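Undergrad: Once you've had a glance at the structure underneath, I'll fire off some questions.
Taken together, the values in this text are just the output of simple stated rules run on the coordinates, not laboratory data. Since we're looking at a predicted model, the values are computed, not measured. Counting neighbours? That spans all protein chains shown, and the Cβs are built from the backbone with ideal geometry, glycine included.
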Amino acid sequence: MSRFIQWLIHFWLNLTGRKVDVERFPFLNGPMGISSEIGDQFYKEVADQEGLEVREEEGGLLTDFREVLDPTSPHYDTLIPEIARFYEQTSQYSLEVWTKWIPPVSWLAHIIIRIVSVEMKQLNIPIDELDTSYGMTSKVIRLVEKNGTVRYTCWLRKSNKSDRVVYAGFYSGFQLEETSHKYVRVVFPLPKGNVTVVLRVELLPDGSVDLVSRGRGFGGIGYYRLHKNKRGILKARMIPIKESIHVFKDEEGTLRTDHIFSWWKRKFLHLHYKIIPRSKA
């Protein structure tokens, strides 16, 4: 059943997707699944294919978080330092997670996760709240060229309870257009394709940040589903999934995140993270 659903998705993307010229849209040129599974071995497969070295090391998803901020924002100087530190030193933090699914869109999501995500070991968002109550591992992996240049920065997250891969993603700052700052690009490889999410970082008056994917047109911020067909042609569609990732500090000084997914304007999933330095975990 999983293979059949994936075939239907690929057929739909190939039929209705937009042919992508990666020279025009370079941000859509990201890692894609090599086999029917992603899991925690995918990084090694990419490294073997591209002649890279896999390094599990201390580090962050972004080298300099301020690169993805708009320097013209009136709140530029209010950024909470701990937020920048988390993105620049991600491996030094652990995550506690709570999950809330909201019907009716969540019903379809549950079916896809149970049938497809579990088997392909990717985007396996926990359905049962008890799965997330045990927390989530957080590992930063770098794929490095022979001269020491980092080609990919990866973030692998797994459920502590089930040991299943929840997210295996590639993170980077990416400049979409002639601006003085970058956006955040996250690529989740899937069999014969990927999900690419481009997020704008909005600084709020209290120093917190909101990473949003509320785009209006192809080529800007948003949620893209890509598929490479048998002829090697890359097809893409913008999917009306909107994300909001609000990273803030609570009254006790603890970093927290509200990660909300919406289909069009209907909220269907709310993830809440407590971000704890490993020295205090």
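Undergrad: For region 147-259, just list the percent of Cα-Cα distances falling in each 10 Å bin from zero outward, please.
TA: Per 10 Å bin, starting at zero, the Cα-Cα P(r) for region 147-259 comes out as 12, 34, 37, 15, 2, 0 percent.
Undergrad: Determine the shape class of region 1-47: with a ≥ b ≥ c the square roots of the Cα gyration tensor eigenvalues, call it rounded for a/c under 1.5, and otherwise prolate if a/b is greater than b/c, oblate otherwise.
TA: Oblate, because a/c is 1.5 or more while a/b does not exceed b/c.
Undergrad: Enter the Cα centre distance for the pair region 242-281 and region 117-191, rounded to the nearest angstrom.
TA: With region 242-281 and region 117-191 each reduced to a Cα centre, they are spaced 16 Å.
Undergrad: State the Cα centre-to-centre distance between region 192-211 and region 73-96 in whole Å.
TA: So the separation of the two Cα centres works out to 13 Å.
Undergrad: Which one, L143, F188, L156, projects farthest toward the positive side of the charge dipole computed for region 2-277 from Cβ point charges (K/R +1, D/E -1)?
TA: Selected residue: F188.
Undergrad: Here's a follow-up. If the elastic network links every pair of Cα atoms under 10 Å, which of E202, E57, E119 fluctuates the most in the Gaussian network model of the chain?
TA: Sorting by GNM fluctuation, first place goes to E57.
Undergrad: Please list, in chain and number order, the residues 5+ apart from S94 or on another chain whose amide H is under 5 Å from its amide H, with Hs placed from the backbone.
TA: Placed amide hydrogens put I276, R278 under 5 Å from S94.
Undergrad: Dipole of the chain (Lys/Arg Cβ +1, Asp/Glu Cβ -1, origin at the Cα centre): which of G215, V105, G253 lies farthest to the positive side?
TA: V105
Undergrad: Given charges of +1 on the Cβ of Lys and Arg and -1 on the Cβ of Asp and Glu, with all other atoms neutral, how large is the dipole of the chain about its Cα centre, in debye to the nearest 20?
TA: On the way: 40 positive and 34 negative charges, 274 e Å.
Charge dipole, the chain, about its Cα centre: 1320 debye, nearest 20.
Undergrad: How much length would be gained if the chain were fully extended between E23 and K274, taking 0.36 nm per residue of separation minus their Cα-Cα distance, in nm to one decimal? Show your work: numbers first, answer last.
TA: Working: separation 251, 0.36 × 251 = 90.36 nm, distance 3.91 nm.
86.4 nm is the gain from fully extending E23 to K274.
Undergrad: If you bin the C-alpha pair distances of the chain every 10 Å from 0, what whole percents do you get?
TA: It works out to 6, 28, 39, 23, 4, 0, in whole percents.
Undergrad: If you rank K235, K146 by fewest surrounding Cβ atoms within 10 Å, what's the result? Numbers along the way, then the final one.
TA: Numbers: K235 20, K146 8.
With the sparsest Cβ surroundings first, the list reads K146, K235.
Undergrad: Say we join alpha carbon atoms closer than 10 Å with springs in a Gaussian network model of the chain; which of T132, T149, T90 then has the biggest fluctuation?
TA: Top of the fluctuation ranking is T149.
Undergrad: Could you work out Rg/(2.2 N^0.38 Å) for region 1-88, with Rg from alpha carbons only? Before the final figure, lay out each step's value.
TA: Values: Rg = 19.1 Å, N = 88, 2.2 N^0.38 = 12.1 Å.
Cα-based Rg divided by the globular estimate yields 1.58.
Undergrad: Give the range of the longest stretch in the chain that excludes all chymotrypsin sites (Phe, Trp or Tyr not before Pro) found in loop regions by DSSP and having at most 15 other beta-carbon atoms within 10 Å.
TA: Result for the longest clean stretch: 1-133.
Undergrad: Distance check, please: which entries in K182/K265; K121/K158; K192/K230; K158/K192; K121/K242 exceed 18 angstrom between their Cα atoms?
TA: Working: K182/K265 26 Å; K121/K158 10 Å; K192/K230 9 Å; K158/K192 22 Å; K121/K242 23 Å.
Table pairs above 18 Å Cα-Cα are K182/K265; K158/K192; K121/K242.
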